[in-house]
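J.: Quick one: the structure is below, and I'll ask about it shortly.
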Amino acid sequence: IMTGEPVNVNEFRELARQALPKMYYDFYTGGAEDQYTLKENEEAFRRIIIQPIILRNVRSIDLSTTVLGYNISMPVMIAPTSLQKLANPEGEIATARAASACNTIMVLSTSSTYSLEEVAACCDAIRFFQLYVYKRRDISAKLVQRAENNGYKAIVLTVDSPRLGRREADVKNKLVVPPLKNLEGLLPTKFVSDEKGSGLAALASGTLDASFCWEFDTVLRLQNCWCEPRLHEDITWLKSITNLPILIKGVLTREDAIKALEVGVDGMIVSNHGGRQLDYSPATISVLEEVVDAVGGKVPVLVDGGIRRGTDIFKAMALGAQAVLVGRAVVYGLAAKGEKGVNRVLEMLKEELELTMALSGCCSVKEISRSHVRTKHDQQL
Ligand code: FNR
């Protein structure tokens with residue numbers, strides 16, 4: 001049993017568990033099927049060892065960095081997580097305010113419970129917009145336009161969700177989905193309550209477009225099929241409707257990283273959706289280096305999944321990430337203590353990263369190098 005103020009993210013998770021109805025806690029904390037990937041995301045960090053460099057002057061530590069040219073106070077951003085009003089009535093507004101206070105970037109989910117306009121108006125946080133591609137292509141196009149008009153600085157295209165992963169707790173609990181404010185008037189609400197299982201699964205299966213792909217041209221050529229390319233069904237289409245940079249979220253292999261470079265994305269996020277989509281997909285930290293090598297510095301590579309400690313962030317930076325994103329840690333803070341909780345979680349991660357850097361002999365994030373960590377691929381083991 002926990003007493004006093006929480007001292008780390010895991011204690012915030014416990015507070016969140018105490019604060020939330022089971023249906024909502026299960027939704028936030030759970031993963032797909034056997035939850036192998038969910039657990040591995042955290043476990044794989046534990047298998048990486050930090051190799052400190054001693055006796056360096058670490059009196060002052062600079063945690064700041066840039067992502068797509070935006071200065072942030074630390075290499076930690078807020079991952080898009082849906083349905084934040086289930087954690088706290090202030091939902092995404094509280095999260096955005098905390099992002100602003102901590103001077104970092106928030107990625108707003110398409111499936112948010114405040115509209116992207118409301119979140120834009122509430123504070124001056126640097127915001128990116130996470131996009132799902134819907135069968136109704138005009139809906140995705142409208143969302144992109146609205147994000148652009150409301151000062152969002154990038155589109156984060158989530159590519160690991162042609163269908164929703166099977167999250168069994170949500171099926172059992174018959175998760176009820178609150179109104180998705182970005183989609184009001186655009187999607188029929190009849191999907192939102194489905195007595196048979198997860199409301200989110202029902203919503204997703206009715207609306208997400210499983211045909212969206214890299215570049216139709218290429219796909220058709222590969223299949224030796226010379227019919228007309230369908231121009232609305234690939235990433236080239238997305239690029240044609242916006243001037244915003246596009247990050248793709250959900251890259252896990254060298255091959256896909258190379259394809260992403262070929263179609264001209266502006267960055268990528270190594271992610272398995274926090275273990276909520278394809279179970280038995282690899283822990284993100286275990287494939288980060290492979291993707292970083294394939295990308296060769298041409299665009300920034302970010303990573304999310306399982307980050308609960310400053311040491312996790314340090315390890316990701318050492319393996320080549322430009323920055324990390326945190327999903328559940330933020331939601332736990334929000335559920336436990338609202339805006340203050342998100343603030344505290346971000347500050348905790350910052351303090352932990354700063355201490356890790358000092359103890360490892362790094363004065364700035366640029367100094368965190370590959371030689372600061374040892375993984376199972378390194379011969380020293
Ligand atoms: C998510 N994630 C997610 N991703 C996305 O692109 N769009 C979304 O709407 C959501 N929604 C969502 C809800 C909840 C409750 C969770 C936990 C996650 C995935 C998220 O962006 C990120 O990839 C993971 O959360 C990272 O793993 P950690 O930090 O939660 O371990």
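The values are calculated or read from the model by the stated rules, or taken from the named source; none is laboratory data. The structure presented is a predicted model; accordingly, all values stated were derived computationally and were not measured. Note that each Cβ is placed from the backbone with ideal geometry, even for glycine, and that neighbours are counted across all protein chains shown.
J.: Which one is farthest from Thr207 (Cα to Cα) among residues in region 141-155 that are within 19 Å of the chain's Cα centre (by Cα) and in a helix (DSSP H, G or I)?
T.: Per the stated criteria, the residue is Ala147.
J.: What are the residues in region 130-139 that are part of a helix (DSSP H, G or I) and at pLDDT 95 or above, if any?
T.: Scanning region 130-139 gives a single hit, Ile139.
J.: Could you count how many residues in region 314-333 are part of a helix (DSSP H, G or I), more than 11 Å from the ligand (Cβ to nearest atom) and crowded, with 24+ Cβ neighbours inside 10 Å?
T.: Qualifying residue count for the region: 5.
J.: Mind telling me which of the residues Gly310, Gly305, Gly361 ends up being within 16 Å of the ligand (Cβ to nearest atom), touching a residue at least 60 places away in the same chain (Cβ under 8 Å) and in contact with a helix residue (DSSP H, G or I) (Cβ under 9 Å, 6 or more places away or on another chain)?
T.: Gly305
J.: So, of the residues in region 178-201 that are at pLDDT 90 or above and not in a helix (DSSP H, G or I), which turns out to be nearest to Asp138 (Cα to Cα)?
T.: Leu186
J.: Give the residue, chosen from Ser140, Ser82, Ser100, Ser73, that is under 20 Å from Pro178 (Cβ atoms) and hydroxyl-bearing (Ser, Thr, Tyr).
T.: Step by step, each of Ser140, Ser82, Ser100, Ser73 is checked, and only Ser82 is under 20 Å from Pro178 (Cβ atoms) and hydroxyl-bearing (Ser, Thr, Tyr).
J.: Against the condition in a loop (DSSP other than H, G, I, E, B), touching a Ser or Thr at 6+ places or on another chain (Cβ under 7 Å) and at pLDDT 95 or above, how does Pro80 come out, does it pass?
T.: yes
J.: When you go through (1) within 16 Å of the ligand (Cβ to nearest atom); (2) within 20 Å of Val345 (Cα to Cα); (3) touching a helix residue (DSSP H, G or I) at 6+ places or on another chain (Cβ under 6 Å); (4) part of a loop (DSSP other than H, G, I, E, B) one by one for Gly31, which number turns out not to apply?
T.: So the condition that Gly31 fails would be (2).
J.: Another question, then. Just the residues that are hydroxyl-bearing (Ser, Thr, Tyr) and within 16 Å of the ligand (Cβ to nearest atom), please, taken from region 58-84.
T.: If the condition is that a residue be hydroxyl-bearing (Ser, Thr, Tyr) and within 16 Å of the ligand (Cβ to nearest atom), then Thr81, Ser82 are the ones that fit.
J.: Follow-up. If you check Ser360 against the conditions, is it crowded, with 20+ Cβ neighbours inside 10 Å, hydroxyl-bearing (Ser, Thr, Tyr), closer than 26 Å to Val292 by Cα and at pLDDT 95 or above?
T.: Here the answer is yes, as Ser360 does meet what is asked.
J.: Something else now. Test Ala204 against the criterion of being within 22 Å of the chain's Cα centre (by Cα), modelled with pLDDT under 95 and crowded, with 18+ Cβ neighbours inside 10 Å, and give yes or no.
T.: Yes, satisfied.
J.: In region 104-129, what count of residues is obtained for those that are part of a helix (DSSP H, G or I), closer than 16 Å to Val144 by Cα and more than 14 Å from the ligand (Cβ to nearest atom)?
T.: 3
J.: Quick check on region 106-117. Is at least one of its residues touching a residue at least 24 places away in the same chain (Cβ under 8 Å), closer than 19 Å to Gly250 by Cα and surrounded by fewer than 22 Cβ atoms within 10 Å (Cβ to Cβ)?
T.: Yes.
J.: Could I ask something else about it? Considering only region 1-28, how many residues are surrounded by fewer than 22 Cβ atoms within 10 Å (Cβ to Cβ), more than 11 Å from the ligand (Cβ to nearest atom) and not in a loop (DSSP other than H, G, I, E, B)?
T.: Number of matching residues: 9.
J.: Looking at region 85-103 only, could you name the residues that are touching a residue at least 40 places away in the same chain (Cβ under 8 Å), within 27 Å of Ser64 (Cα to Cα), within 13 Å of the ligand (Cβ to nearest atom) and crowded, with 23+ Cβ neighbours inside 10 Å?
T.: Thr95, the sole residue that qualifies.
J.: Working only within region 334-347, note down all residues that are within 27 Å of Arg56 (Cβ to Cβ) and surrounded by fewer than 21 Cβ atoms within 10 Å (Cβ to Cβ).
T.: Answer for region 334-347, where residues must be within 27 Å of Arg56 (Cβ to Cβ) and surrounded by fewer than 21 Cβ atoms within 10 Å (Cβ to Cβ): just Glu347.
J.: Let me ask something additional. Which condition does Ala294 not pass, out of (1) buried (at least 24 other Cβ atoms within 10 Å of the Cβ); (2) at negative phi, if it passes all the others?
T.: (1)
J.: Checking the structure you have, find out if any residue of region 37-57 is within 11 Å of the ligand (Cβ to nearest atom), polar (S, T, N, Q), crowded, with 22+ Cβ neighbours inside 10 Å and within 18 Å of the chain's Cα centre (by Cα).
T.: There is at least one residue in region 37-57 that is within 11 Å of the ligand (Cβ to nearest atom), polar (S, T, N, Q), crowded, with 22+ Cβ neighbours inside 10 Å and within 18 Å of the chain's Cα centre (by Cα).
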